[in-house]
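The values are calculated or read from the model by the stated rules, or taken from the named source; none is laboratory data. Here the structure is a predicted model, which is why all the values come from computation and not from measurement. Cβ coordinates were reconstructed from backbone atoms using ideal geometry, including for glycine residues, and neighbour counts include every protein chain displayed. Just so you know, the surface numbers come from the protein's heavy atoms only, side chains and all, with ligands and any DNA or RNA stripped out. Shrake-Rupley method; radii C 1.70, N 1.55, O 1.52, S 1.80 Å.
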Amino acid sequence: MSEVKTVVVGMSGGVDSSVAAYLLKEEGYRVIGVTMQIWQDESACSLEEHGGCCGLSAVEDARRVARMIGIPHYVMNFKAEFQDRVIDYFTDEYLRGRTPNPCIACNRYVKWESLLERSLAIGADYIATGHYARVEHLANGRYAVRNSVTAAKDQTYALYNLTQEQLAHTLMPVGDYDKPRIREIALAAGLPVAHKADSEDICFIPDHDYASFLEREAPDRIPEPGNFVLEDGRVIGRHQGISHYTIGQRKGLGISWDSPLFVKEIRPGSNEVVLTSKEGVFTDHLTFENVNHMAVEAFQPGEEYLAKIRYSDPGCMCRIEAVEQERIRLAFSRKVRAVTPGQALVLYQGEFIAGGGTILA
């Protein structure tokens, strides 16, 4: 490397980001480790035993790794950005009867937008994370996120909303390895987090109790109980409030019926939750908005892509049907289950993210 480049690595205290920092140091970069304080107050330690990425133990683990590999380590406070871009967004979406994806919002607006801004301000050339994904500069001049080498740990779905400017300043060294190899590298390097368990939960709701979180966050805006209705309008029971439900849900409805019922639609305007049969939650089309283009500059009617409607979705081929100024409609090659407003629709062109958006209906 003719000129030493500086990279700020977001270090969560886990094995992936620790190995990312180690690999970049080995490649000759000037590496600066940064742990982002985004949610937890110093006095609150409830996330620690759940492997939270923003608590006191995370800071200490990242600091130990940084000391071992010989790089500086700092803690940056992003609590205001996290509250605005993630917590408030998450709360507002649920209260609107939609199902948000806070990790995608955190990636775009906190882990990239805010961290990149501060990193560039201190003279860094890049930021880096421990995501299982790769960034490539394509022949058409655009930057795109590419699948990691292992489908078992691919994290590209949650990165679809990154901008061209952000990608141009991003490194993702972990995407060239699978998880067992990453742990081997950490062990060989003597990193103290080599065997640390992964954190899979939403970091600010480790107990999965979304309803209680919303009651604490917005006690004066909690939706009132309302009616469960069938698609023909028949009222068949009462629900606890629309924020308790998501599309495709079956458990926890409290409805006795002669066949299983599933949530098909949430109607904030009338405060109704529409129930249907198992077949009723399948559809062969959707509309999405808030479009972000990545590998392609624009979507055109007739184009085909692999579409994913949730993180764990293996994907389904689709065809772009209509492109409006702010919305795009597509049709799937087969029916898919539980298309959920508020979730992300991510389109792939081969191994690369073509772009995506927020599911509208």
(request) Take ALA152 and decide whether it is touching a residue at least 40 places away in the same chain (Cβ under 8 Å) and among the small types (Gly, Ala, Ser). (result) no
(request) Please go through segment 125-139 and pick out each residue that is open to solvent by 60 Å² or more (accessible area, probe 1.4 Å) and small (Gly, Ala, Ser). (result) ALA139
(request) Would you point out the residue of segment 55-84, among those that are surrounded by fewer than 20 Cβ atoms within 10 Å (Cβ to Cβ) and free of Cβ contacts under 8 Å to residues at least 40 places away in the same chain, that is farthest from the chain's Cα centre (by Cα)? (result) ARG67
(request) Scan the helices (runs of 4 or more DSSP H) fully inside segment 55-164 and keep the ones with 3 or more residues being among the basic types (Lys, Arg). (result) 56-69
(message) Going residue by residue through segment 336-343, is there one that turns out to be farther than 22 Å from ASN161 by Cβ, surrounded by 14 or more Cβ atoms within 10 Å (Cβ to Cβ) and touching a strand residue (DSSP E or B) at 6+ places or on another chain (Cβ under 8 Å)?
(response) yes
(request) Among the residues of segment 297-349, count how many are in contact with a Lys or Arg (Cβ under 9 Å, 6 or more places away or on another chain), free of Cβ contacts under 8 Å to residues at least 40 places away in the same chain and assigned to a loop (DSSP other than H, G, I, E, B). (result) 5
(message) Here are the criteria: (1) farther than 30 Å from LEU214 by Cβ; (2) in contact with a strand residue (DSSP E or B) (Cβ under 9 Å, 6 or more places away or on another chain); (3) not basic (Lys, Arg). Tell me which single one TYR157 does not satisfy.
(response) (1)
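Here is a yes/no grid of residues against (1) at positive phi; (2) among the polar types (S, T, N, Q); (3) modelled with pLDDT of 95 or more; (4) touching an Asp or Glu at 6+ places or on another chain (Cβ under 7 Å):
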residue: PRO72; (1), (2), (3), (4): no, no, yes, no
residue: LYS79; (1), (2), (3), (4): no, no, no, no
residue: GLN83; (1), (2), (3), (4): no, yes, no, no
residue: TYR94; (1), (2), (3), (4): no, no, no, no
residue: GLY97; (1), (2), (3), (4): yes, no, no, no
residue: PRO100; (1), (2), (3), (4): no, no, no, yes
residue: CYS103; (1), (2), (3), (4): no, no, no, no
residue: CYS106; (1), (2), (3), (4): no, no, no, no
residue: TRP112; (1), (2), (3), (4): no, no, no, no
(message) So for segment 191-200 (the condition being more than 20 Å from ILE69 (Cα to Cα), open to solvent by less than 40 Å² (accessible area, probe 1.4 Å) and assigned to a loop (DSSP other than H, G, I, E, B)), does at least one residue qualify?
(response) no
(request) Identify all residues within segment 302-322 that are more than 22 Å from the chain's Cα centre (by Cα) and at positive phi; write none if there are none. (result) GLY302
(request) Examine segment 265-277 for a residue that is among the charged types (D, E, K, R), in contact with a His (Cβ under 9 Å, 6 or more places away or on another chain) and open to solvent by 10 Å² or more (accessible area, probe 1.4 Å), and state whether such a residue exists. (result) yes
(request) Of the conditions (1) within 24 Å of GLY70 (Cβ to Cβ); (2) of a type in the set (Ser, Thr, Tyr); (3) free of Cβ contacts under 8 Å to residues at least 60 places away in the same chain, SER119 clears all except one; give me its number. (result) (3)
(request) Tell me, yes or no, whether segment 307-314 has at least one residue that is modelled with pLDDT under 95 and exposed (fewer than 14 other Cβ atoms within 10 Å of the Cβ). (result) yes
(message) Scan segment 206-218 and tell me whether some residue there is under 30 Å from LEU23 (Cβ atoms), open to solvent by less than 70 Å² (accessible area, probe 1.4 Å) and either without any contact (Cβ under 8 Å) to a residue 24 or more places away in the chain or in contact with a helix residue (DSSP H, G or I) (Cβ under 7 Å, 6 or more places away or on another chain) (or both).
(response) yes
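For (1) closer than 23 Å to SER18 by Cβ; (2) open to solvent by less than 40 Å² (accessible area, probe 1.4 Å), each residue gets a yes or a no:
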site: VAL145; (1), (2): yes, yes
site: GLN164; (1), (2): no, no
site: ALA168; (1), (2): no, yes
site: ASP178; (1), (2): yes, no
site: ILE182; (1), (2): yes, yes
site: ILE185; (1), (2): yes, yes
site: ALA188; (1), (2): yes, no
(message) Consider segment 222-246. How many of its residues are within 13 Å of SER270 (Cα to Cα) and small (Gly, Ala, Ser)?
(response) 3
(request) Being more than 15 Å from the chain's Cα centre (by Cα) and free of Cβ contacts under 8 Å to residues at least 40 places away in the same chain is the filter; apply it to segment 90-114 and report the residue that is least open to solvent (accessible area, probe 1.4 Å). (result) SER114
(request) Starting from residues that are within 12 Å of ALA354 (Cα to Cα) and of a type in the set (A, V, I, L, M), keep the ones in segment 136-194 and report whichever is farthest from the chain's Cα centre (by Cα). (result) LEU138
